[in-house]
Amino acid sequence: MHNRKNALFAGSDEGGNWAVIATLIENCKLSDINPHEWLTKTMTALANGYPANRVHELMPWIYVG
């Protein structure tokens, strides 16, 4: 069901960005991670200069709250 919703945005740049965010949030939910907490910590880390070559460490399937 979620994949179908995300696929609706495939035709636009803005929608594509939203589809990525929605997918990350759904990954949080599936992993019993609070999406708001994950997003807050991730955005804070990025704003504080988290190294670009380590951004994969911030993904919800790796995240440890």
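Every read-out reported here was derived from the displayed coordinates using simple, explicitly stated rules and does not represent laboratory data. Because the structure is predicted, anything quoted here is derived from the model rather than measured. In this analysis, Cβ positions are derived from the backbone assuming ideal geometry, glycine residues included, and neighbour counts consider all displayed protein chains.
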Inset, instruction - Order the peptides 46-52, 57-63, 21-27 from the highest to the lowest mean number of other Cβ atoms within 10 Å of their residues. - result: 21-27, 57-63, 46-52
Inset, instruction - Taking H placed 1.01 Å from N in the peptide plane, check which residues at least 5 places from residue 50 or on another chain put their amide H under 5 Å from its amide H. - result: none
Inset, instruction - Multiply the residue gap between residue 22 and residue 41 by 0.36 nm, knock off their C-alpha separation, and tell me the result in nm, one decimal place. - result: 5.2 nm
Inset, instruction - Could you run the Karplus curve 6.51 cos²θ - 1.76 cosθ + 1.60 with θ = phi - 60° over region 43-55 and give me ³J(HN,Hα) per residue in whole Hz, x for Gly and Pro? - result: 5, 5, 4, 5, 5, 8, x, 3, x, 4, 6, 10, 4
Legend entry - Point-to-point label distance, residue 57-residue 31, nm (Cα→Cβ direction, 7 Å offset): 1.4 nm
